[in-house]
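Contents: one structure, followed by commentary.
The values are calculated or read from the model by the stated rules, or taken from the named source; none is laboratory data. Note that the structure is predicted; figures quoted are calculated from it, not measured. Using ideal geometry, Cβ is built from the backbone for each residue, glycine included, and neighbour counts are taken over all protein chains shown. Surface accessibility is based on the protein's heavy atoms, side chains included, excluding ligands, DNA and RNA. Shrake-Rupley method; radii C 1.70, N 1.55, O 1.52, S 1.80 Å.
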Amino acid sequence: MQTISNLTLLLLLISLFNNCDKEPSSNTEELVSYLSKPSLAMYGDSIVASWPVQEQLSDFNTVKFAFPGIDTAEIHSSVENDKNRYNACLYEGGINDFLGNYSPTQSQVDATIDRQIQSIQILVTRCEHVVALNLWNVEFPWPTLAVAMINAGMKERINFVPRIDTELLIQNDMLSDGNHPNKNGYYVLSKAVREQLKPFFPILYLNE
């Protein structure tokens, strides 16, 4: 049975049953629809924070732990502090460790990947399925060398959960500022995430 945050469920119930414009049967249908969806927790930085999940990942009950500008140490704290369990979790992050650093050392990159691994290992203990996102090719003034080094390290070391190689999917014209995806970029990411998780949740097939 899927796990859903008690607070989230309580807020949904209050919203449904305080809505006097709808018939009780409509409220019940909405609640059943909500409960039938798998939960998806998303951890990351501004990439996740700006992700239009209500539009593009509507098959999931999504909850975000993501804020613009945070680095992998702060993402790790978010992961540690969240004690809930989920059907699926997504991890993204790393670029903010190197803002303005155009000559990263291997030890700096290794430290970033260490924090990524630590966070993902925690998620494995509380999420039925975990997906990690690579970074994609960014443009200057974003830290292009650091991103390339992080991706190489992730491919080598993060092989214990499914990892989406987003640098193979996201093209320059899918970015709004050389880093953040535009709507089309997010659509490509959402499709990749959905395809990765879809085999584990047969309910997702019903909307096709």
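Points worth noting:
- Ellipsoid semi-axes for the stretch 85-163, based on the Cα gyration tensor and the rule √(5λ), read 24, 12, 10 Å when sorted largest first.
- Sorting Thr166, Thr62, Thr105 by solvent-accessible area of protein heavy atoms yields Thr105, Thr62, Thr166, largest first, with a 1.4 Å probe.
- Estimated translational D of the stretch 30-178 in µm²/s (Stokes, Kirkwood radius over Cα pairs; 10 °C; 1.306 mPa s): 100 µm²/s
- Protein-only accessible surface order, largest first, of Tyr187, Tyr86 at 1.4 Å: Tyr187, Tyr86
- The calculated FRET efficiency for the pair Ala148 and Arg194, based on their C-beta separation and a Förster distance of 22 Å, comes to about 0.20.
- Cα-derived Rg to Rh of the stretch 141-208, Kirkwood definition: 1.04
- The lysines within cross-link reach of Lys198, meaning a Cα-to-Cα straight distance under 25 Å and a gap of 8 or more places when in the same chain, are Lys37, Lys64, Lys83, Lys155, Lys183.
- The H on the amide N of His129, modeled in the peptide plane, is under 5 Å from the matching H of Ala88, Cys89, each at least 5 residues off or on a different chain.
- Cα point-scatterer Debye curve for the stretch 88-131, base-10 log of I(q)/I(0) at q = 0.29 Å⁻¹: -0.99
- Separation in nanometres of the label points that stand 7 Å from Cα toward Cβ, at Asp165 and Lys183: 3.1 nm
- Look at the alpha carbon pairs under 8 Å that are at least 6 residues apart: their mean separation over the length of the stretch 104-208 gives a relative contact order of 26 percent.
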